[in-house]
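The values are calculated or read from the model by the stated rules, or taken from the named source; none is laboratory data. Owing to the predicted nature of the structure, the values given are computational and were not obtained by experimental measurement. Methodologically, a virtual Cβ is constructed for each residue, glycine included, from the backbone with ideal geometry; neighbour enumeration extends over all protein chains shown.
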């Protein structure tokens, strides 16, 4: 058989070219804590401060010794990674622990059932599917109830116990036909999901339609459910849009001996999805006022709230759930990223028991979810978070406050360059002022294309050995999501690097920015 040689550059070739163009095409060979290493031209290791933190998936940093030890033990002991469709006591422990933590932080007396998945986007898809199944079952129950009412009204008319209203239909069956036609029109309307302007919930077929960035969403609009995007700066819009998306079925009943048609609310809105801190939208926290409006209006309309804690959860903001800090309670929670401790790919979708549908387990499954490797790692992560009275949460608050203070110092030194520092705990963003009218062609073109943040990231990596990236849908904002073991020295190093990039923008020095000269 002829040998086949490897052909370089065909794994996401465009992306590889882009990384090269902005100076981010580094191949890392080792990682520990908040540090990544690559080999320089001389073969020596070069350390890089990782401020991006795996897009928020490294609450304990790279290759934490306790997590590595757990992973090694699992492999050394021959843990049955793939033993699907069998009892998994570790998954039960993880689910029970997650439910208990959520109940503690929200003050809820209700347990949460867990469905496991492999990634955040997949867990979002599971939440969307479960919410739609719940809606469909509600519709089926409502339609059955309406049919019973129609049959009872027909029997009453035939027995002479009820009459049709004066001035209306003279024939009962004509009334039934009209009501049925109207109800069929309502029933044929597709469900709608509500989410926020600036949202990011993934890029799979369903989740991408809940992501506000039109560049990600619009090529695939025909493939998935309809979404409405609610403005984040106007709490009153929540109730207005819910009212716009309301619908009703007609119900034929007998009241005081007269056949009457009444309206019954039809569940058209399947769910309201939101991030308590928008990650890819620019590290934008929800206000308590907005959260209160969402919960109030959704409760009134019977709409479940799905809280996407993929980036903000797992202790990153100083609490297990960022939503708990603004008093927002969810019917669903979606957790991922740090749940795998930086070693396992795992996620979980939690559903309040009062809304959970057992039927979902018969129509949804995943080969690699809830496996014998990822769930023990997730259990260890949760144990580490909860250890010593939740010391990890306190570290996230304290280290986050120290990092925010340093970022605010950069903003104070460069107020004409740095616009704002946002976020909570160790989920922070630094936004630069718009550079689309810059005198530098490189800066101006980067700003207008939305790619300037990647050029700034390339400069930080090349000149200061600091790794971070812009948020995907807000290219003027750099993200920072390091581990709870971030040191004062690492914070100072990051702040110095950011001062340097701010000075480059202030001076419009494209040669320094691109490495073209001093």
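Give the residue, chosen from 220, 200, 193, 229, that is part of a loop (DSSP other than H, G, I, E, B) and within 30 Å of residue 471 (Cα to Cα). It would help to see each step written out before you state the result.
On the way: 220 fails: part of a loop (DSSP other than H, G, I, E, B); 193 fails: part of a loop (DSSP other than H, G, I, E, B); 229 fails: part of a loop (DSSP other than H, G, I, E, B).
Within the list 220, 200, 193, 229, the selection yields 200.
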**Asked** Just one of the numbered conditions (1) modelled with pLDDT under 95; (2) at negative phi is not true of residue 182; which one?
**Response** (1)
**Message:** One residue is enough: does the stretch 58-81 have a residue meeting the conditions over 23 Å from residue 118 (Cα atoms), touching a residue at least 12 places away in the same chain (Cβ under 8 Å) and touching a helix residue (DSSP H, G or I) at 6+ places or on another chain (Cβ under 7 Å)?
**Reply:** no
**Message:** Yes or no: the stretch 164-185 includes at least one residue that is within 14 Å of residue 258 (Cβ to Cβ), in a loop (DSSP other than H, G, I, E, B) and in contact (Cβ under 8 Å) with a residue 24 or more places away in the chain.
**Reply:** yes
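Might you let me know whether the stretch 153-163 holds any residue that is surrounded by fewer than 14 Cβ atoms within 10 Å (Cβ to Cβ), part of a loop (DSSP other than H, G, I, E, B) and in contact with a helix residue (DSSP H, G or I) (Cβ under 9 Å, 6 or more places away or on another chain)?
Initially, the stretch 153-163 is screened for residues surrounded by fewer than 14 Cβ atoms within 10 Å (Cβ to Cβ), giving 155, 158-161, 163.
With part of a loop (DSSP other than H, G, I, E, B) added as a condition, the list becomes 159-161.
When the remaining residues are screened for being in contact with a helix residue (DSSP H, G or I) (Cβ under 9 Å, 6 or more places away or on another chain), the result is 161.
Yes, the stretch 153-163 has at least one match.
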**Prompt:** If you scan the stretch 464-486, which residues turn out to be under 18 Å from the mean Cα position of the chain (by Cα) and under 23 Å from residue 392 (Cβ atoms)?
**Reply:** 479, 480, 481
**Fill in**
Exactly one of 242, 252 is at pLDDT 95 or above, assigned to a helix (DSSP H, G or I) and either surrounded by fewer than 18 Cβ atoms within 10 Å (Cβ to Cβ) or touching a strand residue (DSSP E or B) at 6+ places or on another chain (Cβ under 8 Å) (or both), and that residue is 242
**Complete:** Pairs returned, first residue in the stretch 497-509 that is in contact (Cβ under 8 Å) with a residue 24 or more places away in the chain and on the phi > 0 side of the Ramachandran plot, second residue that is part of a helix (DSSP H, G or I) and crowded, with 21+ Cβ neighbours inside 10 Å, beta-carbon separation under 8 angstrom, 6 or more apart or interchain, are 508/443
**Request:** Working carefully through the options 411, 402, find the one that is more than 24 Å from the chain's Cα centre (by Cα), in a helix (DSSP H, G or I) and without any contact (Cβ under 8 Å) to a residue 60 or more places away in the chain.
**Result:** 411
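When you check residue 373 against the structure, is it closer than 20 Å to residue 137 by Cβ and surrounded by fewer than 24 Cβ atoms within 10 Å (Cβ to Cβ), yes or no?
Numbers: closer than 20 Å to residue 137 by Cβ: no; surrounded by fewer than 24 Cβ atoms within 10 Å (Cβ to Cβ): yes.
It is false that residue 373 is closer than 20 Å to residue 137 by Cβ and surrounded by fewer than 24 Cβ atoms within 10 Å (Cβ to Cβ).
For residue 228, are the conditions met, namely being surrounded by fewer than 19 Cβ atoms within 10 Å (Cβ to Cβ), closer than 22 Å to residue 330 by Cβ and out of contact with any helix residue (DSSP H, G or I) (no Cβ under 7 Å at 6 or more places or on another chain)? Walk me through how you get there before you give the answer.
Working: surrounded by fewer than 19 Cβ atoms within 10 Å (Cβ to Cβ): yes; closer than 22 Å to residue 330 by Cβ: yes; out of contact with any helix residue (DSSP H, G or I) (no Cβ under 7 Å at 6 or more places or on another chain): no.
Against the criterion (surrounded by fewer than 19 Cβ atoms within 10 Å (Cβ to Cβ), closer than 22 Å to residue 330 by Cβ and out of contact with any helix residue (DSSP H, G or I) (no Cβ under 7 Å at 6 or more places or on another chain)), residue 228 does not qualify.
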**Asked** Of all residues in the stretch 35-44, how many are surrounded by 14 or more Cβ atoms within 10 Å (Cβ to Cβ) and either more than 26 Å from residue 380 (Cβ to Cβ) or in contact with a helix residue (DSSP H, G or I) (Cβ under 6 Å, 6 or more places away or on another chain) (or both)?
**Response** 2
**Message:** Which residue is nearest to the chain's Cα centre (by Cα), if the candidates are limited to the stretch 198-209 and must be under 23 Å from residue 290 (Cα atoms) and in contact (Cβ under 8 Å) with a residue 40 or more places away in the chain?
**Reply:** 201
**Request:** Look at residue 265 and say whether it is assigned to a strand (DSSP E or B) and over 14 Å from the mean Cα position of the chain (by Cα).
**Result:** yes
**Complete:** Only unsatisfied item for residue 271, checking (1) closer than 20 Å to residue 333 by Cβ; (2) not in a strand (DSSP E or B), is (2)
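Tell me, which helices (runs of 4 or more DSSP H) lie completely within the stretch 443-518 with 3 or more residues that are surrounded by 21 or more Cβ atoms within 10 Å (Cβ to Cβ) and touching a helix residue (DSSP H, G or I) at 6+ places or on another chain (Cβ under 6 Å)?
On the way: elements: 452-464, 488-507, 510-514.
The helices (runs of 4 or more DSSP H) meeting that bar are 452-464, 488-507.
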**Request:** Pairs only if they're at least six apart or on different chains, beta carbon under 7 angstrom, first in the stretch 210-228 and closer than 23 Å to residue 303 by Cα, second exposed (fewer than 14 other Cβ atoms within 10 Å of the Cβ) and at pLDDT 90 or above; list them, first residue then second.
**Result:** 224/205; 225/190; 226/190
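For the stretch 370-377, check the following and say yes or no: at least one residue is part of a helix (DSSP H, G or I), farther than 25 Å from residue 207 by Cβ and within 24 Å of the chain's Cα centre (by Cα). Even if it seems obvious, please write down each step before you answer.
We begin by selecting, within the stretch 370-377, every residue part of a helix (DSSP H, G or I); these are 374-377.
Of the ones still in play, those that are also farther than 25 Å from residue 207 by Cβ are 376.
Then keep just the ones that are within 24 Å of the chain's Cα centre (by Cα); that gives 376.
Yes: the stretch 370-377 contains one or more residues that are part of a helix (DSSP H, G or I), farther than 25 Å from residue 207 by Cβ and within 24 Å of the chain's Cα centre (by Cα).
Given the criterion out of contact with any helix residue (DSSP H, G or I) (no Cβ under 9 Å at 6 or more places or on another chain) and under 22 Å from residue 103 (Cα atoms), identify the matching residue among 340, 354, 327.
Values: 340 fails: out of contact with any helix residue (DSSP H, G or I) (no Cβ under 9 Å at 6 or more places or on another chain); 327 fails: out of contact with any helix residue (DSSP H, G or I) (no Cβ under 9 Å at 6 or more places or on another chain).
Result: 354 is the single residue among 340, 354, 327 that is out of contact with any helix residue (DSSP H, G or I) (no Cβ under 9 Å at 6 or more places or on another chain) and under 22 Å from residue 103 (Cα atoms).
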**Fill in**
Exactly one of 115, 101 is under 19 Å from residue 379 (Cβ atoms), touching a helix residue (DSSP H, G or I) at 6+ places or on another chain (Cβ under 9 Å) and not in a helix (DSSP H, G or I), and that residue is 115
